[in-house]
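Each remark here refers to the structure printed beneath this line.
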Amino acid sequence: MTTAVAPASTLTATDRCDRCGAQAYLRVELASGFELLFCAHHAREHEDKLREIAVNVQDETHKLAPSAPAVHED
């Protein structure tokens, strides 16, 4: 029996962090077939442990750009 694994779809604004409900930027696939979603903050906080248990990690934190500095007109 051959099993094909479909590529993970891109994370969207509807994908929410399992810890806090913020937009998810990291998908962690587990050997059980389940997945966990994390915002960038919680992904960084739990990174070491997540990499130990993950079969695959889809990291889209590159989508986060530093916010532009505020422009003040005098």
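No value in this document is a laboratory result; all are computed from the given coordinates. Everything numeric here is computed off the predicted structure, so don't read it as measured data.
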**Built amide H within the under 5 Å cut-off of residue 23, gap 5+** = 17
**Asked** Can you work out ³J(HN,Hα) from phi for every residue in region 30-35, in order, using Karplus 6.51 cos²θ - 1.76 cosθ + 1.60 and θ = phi - 60°, giving whole Hz and x for Gly and Pro?
**Response** 9, 4, 6, x, 7, 9
